Ligand code: GDP
Ligand code: MG
């Protein structure tokens, strides 16, 4: 880039929420560093990771926040949600309970975040089709009812991770640019 210009036009904060072990940290690792680990430790320390992409000829820095093992109900603090313009609401397609908890996460998110927040419901671990416990139809129906985007992803196989973030960031861009 000319003159080493790493000008950033926009910074958009996006939060990852959902039960523990659904794959939030691996989705982030895939998006931010194109990495994946099968024995990922419970998240510690790092608050967010960034990746800069170009949307409509503008440089957009996505600042993606990951819960630091605070997934117990109501343990995520309001600082986590503050200023978030987008959210990935993640469940594990092989863990029914993680999907059953989605309404709670959604309620908590809507109680804390920007009223225009762009929300993507994400059914992760789509590579484990033989262990599926949540049908795509059920999730799609819920997403439509609640006005959420919806995708199934696999952080392991890198399926739809890029698509999920791109969709959310492009939608945020439309609202805030
Ligand atoms: P978090 O607690 O929501 O941050 O979940 P992690 O990202 O730590 O992932 C929990 C476990 O699920 C780890 O063993 C990951 O390797 C595994 N995992 C994450 N994403 C996927 C995926 O897409 N497919 C499969 N098969 N395993 C995954
Ligand atoms: Mg984690």
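Tabulated values for the structure
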| quantity | calculated |
| --- | --- |
| Cβ-Cβ under 7 Å pairs, at least 6 apart or on other chains, the stretch 149-177 side touching a residue at least 40 places away in the same chain (Cβ under 8 Å) and farther than 13 Å from residue 125 by Cβ, far side within 16 Å of ligand 2 (Cβ to nearest atom) and in a loop (DSSP other than H, G, I, E, B) | 164/153 |
| Complete set of residues in the stretch 122-135 that are within 15 Å of ligand 1 (Cβ to nearest atom) and surrounded by fewer than 19 Cβ atoms within 10 Å (Cβ to Cβ) | 127, 128, 129, 130, 131, 132, 133 |
| Single unsatisfied condition, residue 127 versus (1) under 26 Å from residue 13 (Cα atoms); (2) in contact with a strand residue (DSSP E or B) (Cβ under 6 Å, 6 or more places away or on another chain) | (1) |
| Residue within the stretch 44-52 that is within 16 Å of ligand 2 (Cβ to nearest atom), within 26 Å of residue 128 (Cβ to Cβ), modelled with pLDDT of 95 or more and not in a loop (DSSP other than H, G, I, E, B) present | no |
| Residue among 16, 38 that alone is within 16 Å of ligand 2 (Cβ to nearest atom), surrounded by fewer than 21 Cβ atoms within 10 Å (Cβ to Cβ), farther than 17 Å from residue 170 by Cβ and modelled with pLDDT of 75 or more | 38 |
| Residues of the stretch 26-35 satisfying the condition of being more than 13 Å from residue 153 (Cα to Cα) and either over 13 Å from the mean Cα position of the chain (by Cα) or near ligand 1 (Cβ under 7 Å from one of its atoms) (or both) | 33, 34, 35 |
| Total residues in the stretch 155-174, condition in contact with a strand residue (DSSP E or B) (Cβ under 7 Å, 6 or more places away or on another chain) and assigned to a helix (DSSP H, G or I) | 10 |
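Listed here are the residues, each with its yes/no results for (1) loosely packed, with under 13 Cβ neighbours inside 10 Å; (2) within 17 Å of residue 21 (Cα to Cα); (3) at pLDDT below 95.
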residue	(1), (2), (3)
76	no, yes, yes
97	yes, yes, no
100	yes, yes, no
106	no, no, no
117	no, no, no
120	no, no, no
138	yes, no, no
143	no, no, no
148	no, no, no
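The values are calculated or read from the model by the stated rules, or taken from the named source; none is laboratory data. Remember, it's a predicted structure, so these values are computed and weren't measured experimentally. Every residue, glycine as well, gets a Cβ built from its backbone with ideal geometry; the counts of neighbours run over all protein chains shown.
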